[in-house]
Amino acid sequence: MCTQLEISRAAYYKWLHRDVPDAEQENVKLAESIREYDERFCHILGYRRMTSWIYHFNHTAYSKNRVHRIMKKLGIHSAIRKKKKKYIYPKPDETAENILKRDFYASAPNQKWATDVTGFKVSGEKNKLYLSAILDLYDRYPVAYVISPRNDNRLVLRTFDKAVAAFPDARPVFHSDRGSQYTSRVFRKKLEKQEMEQSMSRVGRCIDNGPTEGFWGIIKAEMYQMYEITDESSLMHAIKDHLRFYSEERPQDRYHCKTPTEVRQEALANDTPVEYPIPENKRIMKYKEKWCA
């Protein structure tokens, strides 16, 4: 081996019996943690979240560049998201104004709720499961959700009833897209009864409901990696368990590495909840500077 690598035997044995530097030993420990979390969470962590989660669970601070460098050496990277299909939405009979206007910041729980319905399918099967959820924009906590094999008005109404039962005194701005379930007379009457102000996204502007769309992206990108889905029952279990994981075990950087459940419990227990401003997106700011008057 020494001959092929063109090094002396003495140099090899000197290297073999050297004192390993502290930095190298620390890199070995960090590499073990990276392998552990990559296997534990089924390859959903990129280097940024890997850094945050190692800090949260191990209480050890490493730079993102260091974690990124070691992950590249190990050949570890996050799973790639699947491309979304384009959907054609029906023209609603009656709609509401876009009151939210992409202002997704809330200073306390139950100020702004956003909702939507998404579908999940098992490979090789025709049937789908539909998930309806209501998200609180303060802590990104799923206030209520319902899973059903049919995407109909009953699915949305059941979700809304669960949210009201959990928080009967809530009077948030209620934002959704212009789906027929949300423009129905029955649903609008329920909102009026709870004294909630209805807001709707504009046609062809899915970003108007950005937090909910991002929530679907997280579930679909991570859930299909973390669970073995073979039939409808295993898909049902995967959706429910991942929603529990998202709420109770998945820390987020914006909330100082706290889970949505932790943020919500702290806020509801205090008269003045902690405010978590939304970080500015530099790419969006550059786009506005270039194209917006």
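Values in this text are rule-based calculations from the coordinates and carry no lab data. Given the structure is predicted, the values throughout are model-derived calculations rather than measurements. Neighbour counts run over all protein chains shown; Cβ positions are idealised from the backbone, glycine included.
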Per-residue Cβ neighbour rank within 10 angstrom, fewest leading, HIS68, HIS256, HIS59 = HIS59, HIS256, HIS68
Mind scanning LYS258/LYS282; LYS29/LYS220; LYS126/LYS220 and naming the pairs with a C-alpha gap bigger than 20 Å?
-> LYS258/LYS282; LYS29/LYS220
Value at 222 nm in deg cm²/dmol, rounded to 500, when DSSP H runs of n ≥ 4 in the chain each add -39,500 (n - 2.57) | -14000 deg cm²/dmol
Name the long-range amide H neighbours of TYR62: under 5 Å, sequence gap of 5 or more, or other chain; modelled H, no Pro or chain starts.
-> none
Based on alpha-carbon positions alone, could you give the equivalent ellipsoid semi-axes of the stretch 137-225 from the gyration tensor, as √(5λ), descending, whole Å?
-> 21, 16, 15
What's the Cα-based Rg to Rh of the stretch 1-158, Rh via Kirkwood?
-> 1.20
Can you sort MET223, MET285 by how many other beta carbons sit within 10 Å, fewest first?
-> MET285, MET223
Measuring from its Cα centre, the chain shows a charge dipole (+1 at each Lys and Arg Cβ, -1 at each Asp and Glu Cβ) which, in debye to the nearest 20, is 1260
At most 12 other Cβ atoms within 10 Å and a DSSP loop assignment: could you name the GluC sites (Glu not before Pro) in the stretch 259-293 that fit?
-> GLU275, GLU280
How large is ³J(HN,Hα) for each residue in the stretch 136-147, as worked out from phi by the Karplus curve 6.51 cos²θ - 1.76 cosθ + 1.60 (θ = phi - 60°), to whole Hz, x for Gly and Pro?
-> 7, 6, 6, 10, 6, 8, x, 4, 7, 8, 9, 10
Once you wrap a convex hull around the alpha carbon atoms of the stretch 180-231, what is its projected area averaged over all directions, in nm²?
-> 5.8
At q = 0.12, 0.16 Å⁻¹, what is the base-10 log of I(q)/I(0) for the chain according to the Debye formula with one equal point scatterer per Cα and no solvent? Please give it to two decimals.
-> -0.89, -1.43
What area, in nm² and to one decimal, does the C-alpha convex hull of the stretch 1-54 cast on average over all directions?
-> 5.7
For the stretch 100-172, state which chymotrypsin sites (Phe, Trp or Tyr not before Pro) are in a DSSP loop and have at most 14 other beta carbons lying within 10 Å of their beta carbon.
-> TYR105
Nonlocal amide H pairs with LEU135, under 5 Å, H built at 1.01 Å | ALA114, THR115, VAL143
Most mobile listed residue (VAL263, VAL20, VAL186) in the chain, GNM with C-alpha springs under 10 Å = VAL20
State the extension gain, in nm to one decimal, for the chain segment bounded by SER180 and GLN4, taking 0.36 nm per residue of separation less the distance between their alpha-carbons.
-> 56.2 nm
